[in-house]
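Encoded as structure tokens, the structure appears first; notes follow it.
Each reported figure results from applying straightforward, stated rules to the coordinates on display, with no laboratory input. Because the structure is a prediction, the values reported are computed rather than measured. Cβ coordinates were reconstructed from backbone atoms using ideal geometry, including for glycine residues, and neighbour counts include every protein chain displayed.
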Amino acid sequence: MSDASPAIQPDQVPPGTHQEFYLPIERLPSNTLIEMPVFVYRGREAGPTLLLTAALHGDEVIGTESLRRLSRLGDLQPDRGTVISIPIVNIYGFLHQSRTLPDGKDLNRSFPGSPGGSLARRLAGVVMTEVVPLCDAVVDLHTGGARRTNYPQVRCDFGRTDSLALGRAFGAPFLIHSTEIEGSFRKAVSNLDKPVVVYEGGESLRHDELATREAMQGIRRIMVHLGIKDNGPGIEASRVIESRKWLRAKQSGVFVPGITYGAEVIKGDVLAHLGDPYGKKTEELKAPFDGFVIGLNNATTVHAGDALIHLGKSED
């Protein structure tokens, strides 16, 4: 960073109150300083620290909205311990409604970062050095990518028992086994032996009320699970997804789904039709196994090979 970063010190926040900190990231070519707002909510008693992050991809704003609502309702204020909330991690992408940073890098493939690397790696480094060491558990909020909607779900590596316990406590409709990707925020946090889960819900640059509410309820349950909140919504059992597969377009053309995200399907069900725009050829897209639609492409025109329907297989 080109500017010295003030340390976030939760112990300096008076018990039962909250405080906003600003972490300087870098300067724009205009010399304007870009800062990351970080909100620290401290309980009246000692306890663990929960970190909540959103908008690592700047166009994924449902997590930002979820944290905004929880803040306005006063629900991020813990009875004990601390909650650290970062509603917008990728400030650059948020301002430009872009997944990436100005250098074209994906922040969520740039962890743990480095102070002398690319802009993405510098931003990742700030998060890992200034914020993550303060926390005991992490919930990272995401949405589907461009034109893809994810049904509310939590992803974690089932081999990480602490993360799996966190995922179960969240209580999203689906709990999905997902191995950690090198360079991801989740991988970097897990390497520090801290439990971490990723919530996915909705689509980038689009509001989704169901996804927003599920994120809020899950965070409330996590706070109770960690003992930093006395009361919250009841536990909801997630449907466990052990394996998943994207059904892809065998030809280019017009994609017309016949199902909605979250739907249960049976092997052989016709899920969509795919045809040329002139009505000369059409084919049916059928379910290869019993499962659930955990993700759906919203595009009307698609190319051969495009991912169209994300099916999850439950072992329940």
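Quick notes
- Of the residues Gly279, Gly291, Gly183, the one that moves most in a GNM of the chain with alpha-carbon contacts below 10 Å is Gly279.
- Net length gained if the chain between His273 and His207 were fully extended (0.36 nm per residue, minus Cα distance): 21.1 nm
- With the charge dipole of the stretch 213-296 set up from +1 on Lys and Arg Cβ and -1 on Asp and Glu Cβ about the Cα centre, the Cα lying farthest toward the positive end among the listed residues Ala215, Ser252, Ile294 is that of Ser252.
- Dividing the mean sequence gap of close Cα pairs (under 8 Å, 6+ apart) by how many residues the chain holds gives a relative contact order of 15 percent.
- Annotation: amide H-H contacts under 5 Å for Ser252 (H modelled 1.01 Å from N, sequence separation of 5 or more, or interchain): Ala304.
- Sequence-distant lysines (8 or more away, or on other chains) whose Cα lies within less than 19 Å of Lys250: Lys267, Lys280, Lys281, Lys286
- Peptides 84-90, 155-161 ordered by packing proxy, namely the average of other Cβ atoms within 10 Å per residue, highest first: 84-90, 155-161.
- One decimal place: the segment Asp136-Val254 gains 37.7 nm when fully extended, by the rule 0.36 nm per residue minus the C-alpha distance.
- Available extension along the chain between Asp290 and Leu95 is 66.1 nm, counting 0.36 nm per residue and deducting the alpha carbon span.
- Among Asn191, Thr179, Leu205 - extreme Cα towards positive end, dipole of the stretch 179-218, charges at beta-carbon: Asn191
- Separation of the Thr32 and Phe158 label points, Cα + 7 Å toward Cβ, nm: 4.8
- Close amide H contacts of Glu242 (hydrogens built in the peptide plane, cut-off under 5 Å, sequence separation of 5 or more or a different chain): Lys313, Glu315.
- Take the Cα of Asn298, step 7 Å toward its Cβ, do the same at Glu242, and the gap between the two points is 3.3 nm.
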